[in-house]
Amino acid sequence: MLSKRTIIGLVVGSIIIGIGGYSLITHIGTITIHEDYIVGTGDSTLYTIPAPAGTPQTMNIVGDSFDLKLQSPGDGLQIPKTSYKKDATLEWVHNEDGPTIINIQNTGNTDLEITGTLIRSSDPIWFTFDLMVIISGMVIIGFSMGFTLRKPKGF
């Protein structure tokens, strides 16, 4: 017969293992990010987008004026530091695995609005994090199973 504490531990541990397993599955492959960001007057922002070969990227920047520099891996899109007025639409495909680096500096009198769809590689640290969550669930189940054992005399 299982005690009340054991049943609670089994349920909680199973839920934690389930959450870790689901998260592990969702972190496999690429991740699509729908960007919607505002850059204040005089501020700058830096994007580093690690992505596998063949992934399409799009970004639209709207504002008074701004400087943009983009470096894509391999023979992909390369934009030296260039000044833009009003808006810029960027569309490119990663030709090789690696990071695209985008540096945007707001030089105008209004805020910049950055929107886009970016596809990136999953960060390997998430795999480790998900395994730690699964292991935590297993430890909870292990400790809760200890409550079903008979306690020796004197305890």
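Let me see the P(r) profile for segment 30-121: every Cα-Cα distance counted, bins of 5 Å, each bin given as a percent of all pairs.
Spelled out bin by bin, segment 30-121 gives 3, 15, 27, 25, 17, 10, 3, 0 percent.
Under a 1.4 angstrom probe, counting protein chains only, how are Ser83, Ser121 ranked by accessible area, largest first? Spell out each step's value before the answer.
Working: Ser83 95, Ser121 35 Å².
Result, largest first: Ser83, Ser121.
Going out from 0 in 5 Å bins, what whole percent of all Cα-Cα distances in the chain drops into each bin?
Pairs per bin, as whole percents: 2, 9, 13, 13, 11, 9, 8, 7, 6, 6, 5, 4, 3, 2, 1, 1, 0.
Pull up the cross-link candidates among the aspartates and glutamates for Lys85, meaning alpha carbon to alpha carbon under 14 Å and not fewer than 8 places away within one chain.
Asp64, Asp67, Asp111, Glu113
Could you give the accessible area per residue of segment 30-121, probe 1.4 Å, as a whole number in Å²? Each step should come with its number before you reach the end.
Working: 4830 Å² over 92 residues.
Accessible surface, normalised per residue, equals 52 Å².
Against the longest alpha carbon principal axis of the chain, how many degrees, from 0 to 90 and to the nearest 10, is the axis of helix 4-26 turned?
Relative to the chain, helix 4-26 is tipped by roughly 30 degrees.
Counting only protein heavy atoms and using a 1.4 Å probe, what share of the accessible area of segment 30-121 belongs to carbon plus sulfur, as a whole percent?
Values: 2340 of 4830 Å².
Whole-percent figure for carbon plus sulfur exposure: 49.
In degrees, nearest 10, range 0 to 90: what is the angle between the Cα axis of helix 124-145 and the longest Cα principal axis of the chain?
20 degrees
With +1 on each Lys and Arg Cβ and -1 on each Asp and Glu Cβ, and nothing else charged, work out how big the dipole of the chain is about its Cα centre, in Debye to the nearest 20.
Working: 10 positive and 14 negative charges, 306 e Å.
Dipole about the Cα centre, nearest 20: 1480 debye.
The values are calculated or read from the model by the stated rules, or taken from the named source; none is laboratory data. Predicted model, so just to flag it, every value in this text is computed and none were measured. Cβ atoms come from the backbone with ideal geometry, glycine included; neighbour counts cover every protein chain shown. Heads up: the accessible areas ignore ligands, DNA and RNA and are worked out on the full protein's heavy atoms, side chains in. Shrake-Rupley method; radii C 1.70, N 1.55, O 1.52, S 1.80 Å.
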